[in-house]
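The values are calculated or read from the model by the stated rules, or taken from the named source; none is laboratory data. As the structure is a computational prediction, the values presented were derived from the model and not from experiment. Here the Cβ is made from the backbone with ideal geometry for all residues, glycine too, and neighbour counts use every protein chain on show. Protein only, heavy atoms only, side chains kept; ligands, DNA and RNA dropped before computing areas. Shrake-Rupley method; radii C 1.70, N 1.55, O 1.52, S 1.80 Å.
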Amino acid sequence: AQTVTQSQPEMSVQEAETVTLSCTYDTSESDYYLFWYKQPPSRQMILVIRQEAYKQQNATENRFSVNFQKAAKSFSLKISDSQLGDAAMYFCAYRRGEGSQGNLIFGKGTKLSVKP
Amino acid sequence: DAGITQSPRYKITETGRQVTLMCHQTWSHSYMFWYRQDLGHGLRLIYYSAAADITDKGEVPDGYVVSRSKTENFPLTLESATRSQTSVYFCASSRVPYNEQFFGPGTRLTVL
């Protein structure tokens, strides 16, 4: 069975600085997708970034980028120029590729605090 | 465009009562999912549906029932609520299984 591990229950970053959240996963599949979701205090789950396993290039979305190391099964999220609005729970998630039922497997989350 | 909505947003009930959580999406997405979120566990899949009248169990289905008579609705029923079902419940949908999943705002359920 696939598993997703986030080893940092809590992280803290100074406003305008850079922070990296860690995620590792375990799978025997070759076709899969990886995601980072943000959950602010409003509870809404917001997709931050996604990565297709077949793509070697790391995904980027504005201040958010990932370091995808397929052989190491590692998928870290880097937030540059951190803002107060980035404070939230961040969840790493895995999904099998085509032919799967499509459900996401989540890590337990990392709570990110941003200090002014 | 409402997207995906859940009702109620908050619910308090007692042990043994039946509770139904509603989920409605306006995109005509084929795939819908129910997750529960508990401290220390992240989100876990309860049930999912690939289309109307097609449902299947996820990781933690015990004590829950789902139905999907219409594409846009995917209600989750707790037939006899237990304290261990106190949680935040999220509904999600996607057009196809490997596309982005869009989440509803969640329902916080407390079972006393």
Fill in the blank from the handout: Conditions (1) within 14 Å of another protein chain (Cβ to nearest Cβ); (2) assigned to a strand (DSSP E or B) -> B:Val60 fails only (2)
Exercise for the section: Check B:Gly106 against each of (1) open to solvent by 20 Å² or more (accessible area, probe 1.4 Å); (2) closer than 25 Å to A:Lys38 by Cα and name the one condition it does not meet. Expected result: (1)
Handout entry: Filtered residues of the stretch A:5-49 (kept if at the interface with another protein chain (Cβ under 9 Å from one of its Cβ atoms), among the aliphatic types (A, V, I, L, M) and within 10 Å of the chain's Cα centre (by Cα))
Key = A:Leu47
Exercise for the section: Just one of (1) over 15 Å from the mean Cα position of the chain (by Cα); (2) loosely packed, with under 13 Cβ neighbours inside 10 Å; (3) within 14 Å of chain B (Cβ to nearest Cβ) trips up A:Ala71, so point out which. Expected result: (3)
Fill in the blank from the handout: How many residues of the stretch A:77-106 are open to solvent by 20 Å² or more (accessible area, probe 1.4 Å) and polar (S, T, N, Q)? The answer is 4
Exercise for the section: Report yes if B:Thr55 is of a type outside the set (Asp, Glu), under 15 Å from the mean Cα position of the chain (by Cα), in a strand (DSSP E or B) and more than 22 Å from B:Arg9 (Cβ to Cβ), otherwise no. Expected result: yes
